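The values are calculated or read from the model by the stated rules, or taken from the named source; none is laboratory data. Only a predicted model underlies this, so the values are computations on that prediction, with no experimental measurement involved. Note that each Cβ is placed from the backbone with ideal geometry, even for glycine, and that neighbours are counted across all protein chains shown.
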Amino acid sequence: MNRDLRGKVAVVTGGSTGIGAATASLLAERGAAVVIADVNEEAARATTESITAAGGTVAFTRTDVSQKTDAEAMVRFAVETFGGLHLAFNNAGIVQQHLPFHEIPERTLRTILEVNVLGVAFCLQAEAAYFLEHGGGAIVNTSSGGGIQGVAGGGSYVASKHAVVGITRTAALDYARQGIRVNAIAPGLIRTAMVAGMPQEQQDELAALMPFGRMGEPTEIAEVVAFLLSDDASFVSGAVWPIDGAATA
């Protein structure tokens, strides 16, 4: 397997915690120079320090992915800091309180769609524009189990993650002959900070519902993302990878 990412530059949005932080760390471990793009400056700087201490090459740029100008600035930052861009993990996203669809506030709908849909779209546009002029690249977008099936009470989140799947498949076709691969992941229940903040009893109940009898770990997601960004996945594009321990099987 070709896991060596030396000479590559990667951006990871939402890279301060959870799946994003685990992926940023793994990409750096395998030799890539990594840009962490996030609005959570404190957590991002802690992750940056951790990667640096482990011998990785990393930099942080504050990025609100729902703003097109920030997405474009993120790409410029990567190029100016590390000399180029080859890999992108568009992972930043937010969740909503579970509510019946008709009770979801307008503000919640707009915010979820702006971050989860426009955020991916703006980043992908900026990345693809650069890749088209510089020999191609690889992109992975974060969807969700809620992007490939319905989730009661999660209407705006589910809509946003289904949209990520559509964006991914369309972009894969748009750029198939220009050296740009675009894939998506659909994680299931993962032990992130949000889940870890739940009472232990609730965590145990959720884990018991999973076919594996446990939650996934951020590092398990990171391994799949790293594969999809690597040359090992050179004939993989337009795919949506469930990483959920058979939960959507």
Would you check if there is a residue in the stretch 34-48 being more than 23 Å from residue 128 (Cα to Cα), hydrophobic (A, V, I, L, M, F, W, C) and either over 19 Å from the mean Cα position of the chain (by Cα) or surrounded by fewer than 24 Cβ atoms within 10 Å (Cβ to Cβ) (or both)?
yes
Just give me the residues in the stretch 186-229 being within 15 Å of the chain's Cα centre (by Cα) and of a type in the set (Gly, Ala, Ser), in sequence order.
186, 188, 222, 226
Give the residues of the stretch 139-174 that are part of a helix (DSSP H, G or I) and β-branched (Val, Ile, Thr), sorted by residue number.
158, 164, 165, 167, 168, 170
Residues of the stretch 97-116 satisfying the condition of being buried (at least 18 other Cβ atoms within 10 Å of the Cβ) and closer than 18 Å to residue 39 by Cα:
112, 115, 116
Residues of the stretch 12-33 satisfying the condition of being under 17 Å from residue 88 (Cβ atoms), among the β-branched types (Val, Ile, Thr) and surrounded by fewer than 20 Cβ atoms within 10 Å (Cβ to Cβ)
none
Can you tell me which of (1) closer than 19 Å to residue 19 by Cβ; (2) hydrophobic (A, V, I, L, M, F, W, C); (3) touching a strand residue (DSSP E or B) at 6+ places or on another chain (Cβ under 7 Å); (4) free of Cβ contacts under 8 Å to residues at least 40 places away in the same chain is the one residue 65 doesn't meet?
(4)
Go through the stretch 175-219 and report how many residues are without any contact (Cβ under 8 Å) to a residue 24 or more places away in the chain and on the phi < 0 side of the Ramachandran plot.
16
Tally the residues that are crowded, with 22+ Cβ neighbours inside 10 Å and more than 14 Å from the chain's Cα centre (by Cα), restricting the search to the stretch 157-170.
2
Might you let me know whether the stretch 104-111 holds any residue that is out of contact with any Leu (no Cβ under 9 Å at 6 or more places or on another chain), among the polar types (S, T, N, Q) and either at pLDDT below 95 or assigned to a loop (DSSP other than H, G, I, E, B) (or both)?
no
Residues located in the stretch 55-73, provided they are in contact with a helix residue (DSSP H, G or I) (Cβ under 7 Å, 6 or more places away or on another chain) and among the aliphatic types (A, V, I, L, M)
58, 59, 65, 71
Determine which member of the set 93, 119, 84 is buried (at least 17 other Cβ atoms within 10 Å of the Cβ) and part of a loop (DSSP other than H, G, I, E, B).
93
